[in-house]
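Asker: Have a look at the structure that comes next, please.
The values are calculated or read from the model by the stated rules, or taken from the named source; none is laboratory data. Computed from a predicted structure; not experimentally measured. Positions of Cβ are generated from backbone atoms using ideal geometry, with glycine treated the same way; all protein chains shown enter the neighbour counts. These accessible areas exclude ligands, DNA and RNA; they are computed on the full protein's heavy atoms, side chains included. Shrake-Rupley method; radii C 1.70, N 1.55, O 1.52, S 1.80 Å.
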Amino acid sequence: ASILPDLDVVAFKFGIPYHSEYGHRGFSHSITFALLTGLLASLFSAQLQAGRWLIFVTISLSTLSHGLLDAFTNGGLGVAFFWPFDAERYFLPWRPIQVSPIGVSRFFSEWGLRTLLSELLFVWLPSLVVAMALLFMQRVRQRTVR
């Protein structure tokens with residue numbers, strides 16, 4: 001679900017420009033899209049063997065995380081978080097993540113390497129620290145219950 005919003009790059013093939021609300025980082029990066037994706041996924045709760053609410057929240061947040069991380073990048077036109085109510089694109093005040101090049105050939109370049117390194121530093125490393133802290137707290141809690 002977290003990579004689903006970037007399927008919007010297909011819009012280029014249909015002549016839809018980047019800056020269109022249906023272009024890259026447009027409607028598919030919005031809060032509305034994330035909630036609708038979570039709602040759609042929750043319809044498959046029986047097949048996923050989980051509660052509807054859990055699926056809705058997990059998938060919605062996962063989808064929304066993509067737009068949020070894009071708003072931390074240093075390039076592009078911003079993210080249409082509030083579509084369809086507001087088509088304006090937004091960035092967050094702090095933008096430490098190198099914007100990713102669009103296209104496979106551009107990705108395998110120095111620019112792509114800089115992107116990967118900034119994502120490692122500002123996304124994956126903090127995520128690992130949080131995951132390890134949560135795991136540590138869970139183990140401490142389990143020991144105190146015994």
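Asker: Against the definition (open to solvent by less than 70 Å² (accessible area, probe 1.4 Å) and either farther than 17 Å from residue 6 by Cβ or touching a Leu at 6+ places or on another chain (Cβ under 8 Å) (or both)), how does residue 100 come out, yes or no?
Answerer: The answer is no for residue 100.
Asker: A follow-up question, please. Residue by residue through the stretch 37-57, note down the ones that are closer than 28 Å to residue 102 by Cβ and surrounded by 15 or more Cβ atoms within 10 Å (Cβ to Cβ).
Answerer: Selection gives 37, 38, 41.
Asker: Can I ask one more? Take the residues in the stretch 61-84 that are open to solvent by 40 Å² or more (accessible area, probe 1.4 Å) and without any contact (Cβ under 8 Å) to a residue 40 or more places away in the chain; name whichever of them is farthest from residue 35 (Cα to Cα).
Answerer: Filtering the stretch 61-84 for residues that are open to solvent by 40 Å² or more (accessible area, probe 1.4 Å) and without any contact (Cβ under 8 Å) to a residue 40 or more places away in the chain, the one farthest from residue 35 (Cα to Cα) comes out as 74.
Asker: Out of all the residues in the stretch 103-124, which are open to solvent by less than 90 Å² (accessible area, probe 1.4 Å) and modelled with pLDDT of 90 or more?
Answerer: Correct list: 109, 112, 115, 116, 118, 119, 122, 123.
Asker: Contact list please: Cβ distance under 7 Å, first residue in the stretch 13-39 and over 12 Å from residue 77 (Cα atoms) and without any contact (Cβ under 8 Å) to a residue 24 or more places away in the chain, second residue small (Gly, Ala, Ser) and open to solvent by less than 20 Å² (accessible area, probe 1.4 Å), pairs at least six apart or on different chains.
Answerer: If the second residue must be small (Gly, Ala, Ser) and open to solvent by less than 20 Å² (accessible area, probe 1.4 Å), the pairs left are 16/23; 22/11.
Yes/no per residue for (1) of a type in the set (A, V, I, L, M); (2) over 21 Å from residue 86 (Cα atoms); (3) modelled with pLDDT of 95 or more:
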| residue | (1), (2), (3) |
| --- | --- |
| 12 | no, yes, no |
| 26 | no, no, yes |
| 29 | no, no, yes |
| 37 | no, no, yes |
| 41 | yes, yes, yes |
| 44 | no, yes, yes |
| 50 | yes, yes, yes |
| 56 | no, yes, yes |
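Asker: Follow-up. Can we say residue 83 is part of a helix (DSSP H, G or I) and aromatic (Phe, Trp, Tyr)?
Answerer: Judged against the criteria, residue 83 is not a match.
Asker: Condition check: surrounded by fewer than 12 Cβ atoms within 10 Å (Cβ to Cβ), under 27 Å from residue 9 (Cβ atoms), among the hydroxyl-bearing types (Ser, Thr, Tyr) and within 17 Å of the chain's Cα centre (by Cα). Does residue 127 satisfy that?
Answerer: Yes; evaluated as a whole, the condition is true for this residue.
Asker: If I ask for residues that are polar (S, T, N, Q) and in contact with a helix residue (DSSP H, G or I) (Cβ under 8 Å, 6 or more places away or on another chain), which ones from the stretch 12-40 would you list?
Answerer: Matches in the stretch 12-40: 20, 28, 30, 37.
Asker: All but one of (1) at pLDDT 95 or above; (2) more than 13 Å from the chain's Cα centre (by Cα) hold for residue 72, so report the exception by its number.
Answerer: (2)
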